[in-house]
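Only one structure is covered here, and it is reproduced in the block below.
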Amino acid sequence: MGRRAPPSSTSSPELRRKRTAAAPPPSLPEARRFRSISDVMRRSAPVDAPPPVARARGGYDGILCDACGAGDRDEEMLLCDGCDRGRHIFCLRPIAARVPTGPWFCPACAPRAKPLKRFPMKQTKIVDFFRIQKDDQDVESAKCRLSQDARRRRRRSLVMHKKRRRILPFVPTEDSARRLKQMASLATALTSSKTEFSNELTYMPGMAPRSSNQARLEEGGMQVLNQEDKETIELCRTMQQRGECPPLLVVFDRREGNFCVCATVLDVPMAHTQIPAEHTQILVAYIQIADADIKDMTFIAEYVGDVDYLEHRANDDCDCLMTLLLTEDPSQRLVICPDKRGNISRFINGINNHTPDGKKKQNVKCVRYDMDGESHVLLVACRDIACGEKLYYDYNGYEHAYPTHHFL
């Protein structure tokens, strides 16, 4: 008798499930995920974000400064965008107050700088550049008033004279050819810095208006310039309008790597001066040298430029901002910005006020005065300045915010 056939596979529920289950669909490629617009906006940088700055060293090991050979002070070490070599900001010449904005290249990678072009020593060019006016009557009347005031002061007691020291007008060089050379040196410095000459504070649209410059808002008060000193300043302004300038030269100092203001007997061949390549990316600075002996309390210049609110210049690369007004309200504080418009005052060097030798260099003081209700910054000799001496003043006369501890 034949064997019983095994039960049909269809009778097993398990097998039925296997046979009737649908085959899995072919795997499809995973859909690409796109960011939502809200995610994109969240990750993007705001429009008013600070501009990119040159790379600091962070994250690089074994980087040494090409100038001093040290590898410390990471936050003050720049990396060249061409070769990745490092250099401290205080080893640059001129010294940089902060990490500069934008890319930075070391002297080896920077494009070769063009020789400094000297401003032509032609009277017509000088007259046009400084907008010199020819009006003898105004300056003669001003000198007459000043001499009368001097005679009245001599009649006063000696005690009063010592208590109130007066500002003296500068004595311009009598030699017209020498005076032309002095003005040409300043014009050379201004044009190489792409700065327009101006001998007064300027109020530009979009910056602080003139109505914001109110000396009465100064925190703690501001000293008022007396009438006699005010007449002296007016006389100096009148002389400058006629082309009679302080006896100063602006020259390039190879040791400090910048230009300086001097009272000189120096004869610097500025037509052949070569600015080092690394200076083309930083504001070209100058120094001044006295071209004649200057007496103590002599008026040198007024610090001028565009007036703006301090908060507008928080990320400014300009290294020559000057405090004009310190108010209780930080949003109303004013500074002078001479990067677009300025005069000889922007080329006076600062001292290292952290060392005794640095403090001994100071021969000019910076004082803010209330003049007709407005704040003005005057630079006045604080001791006798010999011919050939460089001019220096304290950048931190009112605030200790400027890093001068590496100044030469």
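Val251 falls short on exactly one of the conditions (1) within 27 Å of Arg166 (Cβ to Cβ); (2) surrounded by 14 or more Cβ atoms within 10 Å (Cβ to Cβ), and that condition is (1). Evaluation of Glu200 against the conditions (1) modelled with pLDDT of 95 or more; (2) farther than 18 Å from Arg131 by Cβ; (3) open to solvent by 70 Å² or more (accessible area, probe 1.4 Å) shows that the sole unmet condition is (2). Taken as a whole, region 224-240 holds at least one residue that is closer than 30 Å to Lys122 by Cβ and basic (Lys, Arg).
Among residues of region 309-334 that are within 24 Å of Phe347 (Cβ to Cβ), those with a Cβ under 6 angstrom from a residue that is of a type in the set (Gly, Ala, Ser) and not in a strand (DSSP E or B), sequence gap 6+ or separate chain, pair up as Asp319/Ala97; Leu334/Ala208.
Filtering region 295-316 to residues that are of a type in the set (A, V, I, L, M) and either in a helix (DSSP H, G or I) or within 13 Å of the chain's Cα centre (by Cα) (or both) leaves Val304, Leu310, Ala314.
Residue-wise test of (1) small (Gly, Ala, Ser); (2) modelled with pLDDT under 95; (3) more than 28 Å from Leu186 (Cα to Cα).
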| site | (1), (2), (3) |
| --- | --- |
| Gln214 | no, no, yes |
| Leu217 | no, no, yes |
| Val224 | no, no, yes |
| Glu231 | no, no, no |
| Glu234 | no, no, no |
| Glu244 | no, yes, no |
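Annotation: of all residues in region 72-94 being open to solvent by 30 Å² or more (accessible area, probe 1.4 Å) and assigned to a loop (DSSP other than H, G, I, E, B), the one that is modelled with the lowest pLDDT is Arg93.
Annotation: Arg179 fulfils all but one of (1) modelled with pLDDT of 90 or more; (2) surrounded by fewer than 17 Cβ atoms within 10 Å (Cβ to Cβ); (3) out of contact with any strand residue (DSSP E or B) (no Cβ under 8 Å at 6 or more places or on another chain); the unmet one is (2). Does region 44-61 contain at least one residue that is under 22 Å from the mean Cα position of the chain (by Cα) and at pLDDT 75 or above? No - not one qualifying residue is present in region 44-61.
The values are calculated or read from the model by the stated rules, or taken from the named source; none is laboratory data. None of these values were measured; they are calculated from a predicted model. Don't worry about glycine lacking a Cβ; one is built from the backbone with ideal geometry, like all the others, and counts go over all protein chains shown. Note: areas computed on protein heavy atoms with side chains; ligands, DNA, RNA excluded. Shrake-Rupley method; radii C 1.70, N 1.55, O 1.52, S 1.80 Å.
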